[in-house]
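Down below is the structure, laid out as C-alpha cells.
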Amino acid sequence: MVGSFGGPGPTAALTSPAQLAPPRRTQVAHNQRDTPVSVGSMLVAGNTKVTDLLCVTPPPVPPGAHAMTQLVELPPADAGPEPHRHSGPVFGYVLQGRILFELEGQAPTEIAAGEAFWEPGGDVVHYQMRNLDTASWSRFLAVCICAPGVDMITMLEPQEIASRDPLRHPSARRHAREDDASHHRA
C-alpha cells in the first residue's frame, strides 16, 4: 500500500503530510452540547488544528476484531524485533527519531519523526523496524487491529524466513540483519 492516497497496493504505505491530498472536512462533536461542528468551523474558531497524515483503504476487518494502541520505543542503533507478521493492519506515526522499515516485497524505507506508515498485516512479513539513530531513541505510536483469536504478532521461524527470502525486495539484502545474512549463506 505504497504511499498513494487512492487505495491499497501490494504491501505498505509511507506518507508524509506534504504527500497528502487537501484535508477532508468531517463532522465532529466538539462542544459542551455534543452538537456536530465541522472541522472547518473549528479551524475558523481557532479551537483545533486537524492534519490528515495517512489515508488508506485497509484490508477488511473481521467481526470480533479489536484495536490496540502501543508506544514502541527503540534504543539507539537497536535492530528492533526479528521478522514477524501481524494478525491485522497496523497504522503508525513516528514521534521521535528515524527508523528503517521493511515489509515483504518493498525496499527498506527510512521513516522519520512526523511521518506516518501502515502495513496490511495478515500474511505480509515485517522484516525490519530498526532505529537508525545511533545516539538517541526512536519512538512511534502504533494502532494495531487484531484479528479475533489470533495473536497480534507472530515471530517467524528461521525456516520460514529462508523460504520467503525470494519475496523480499532485491535491495533488502544490503539492509539485512547480520544473523539473517549468515543464515541465508548457510
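Taken together, the criteria place Val72 among residues that are over 15 Å from Ala172 (Cβ atoms), surrounded by 14 or more Cβ atoms within 10 Å (Cβ to Cβ) and not aromatic (Phe, Trp, Tyr).
Count of the stretch 119-160 residues, restricted to those that are in contact (Cβ under 8 Å) with a residue 60 or more places away in the chain, surrounded by 20 or more Cβ atoms within 10 Å (Cβ to Cβ) and farther than 20 Å from Leu71 by Cα, is 1.
Residues in the stretch 87-119 that are under 30 Å from Gly149 (Cβ atoms) and in contact with a His (Cβ under 7 Å, 6 or more places away or on another chain): Glu102, Leu103, Gly105, Gln106, Glu119.
Read-outs: derived from the displayed coordinates by stated rules, not from any lab. Here the structure is a predicted model, which is why all the values come from computation and not from measurement. Here the Cβ is made from the backbone with ideal geometry for all residues, glycine too, and neighbour counts use every protein chain on show.
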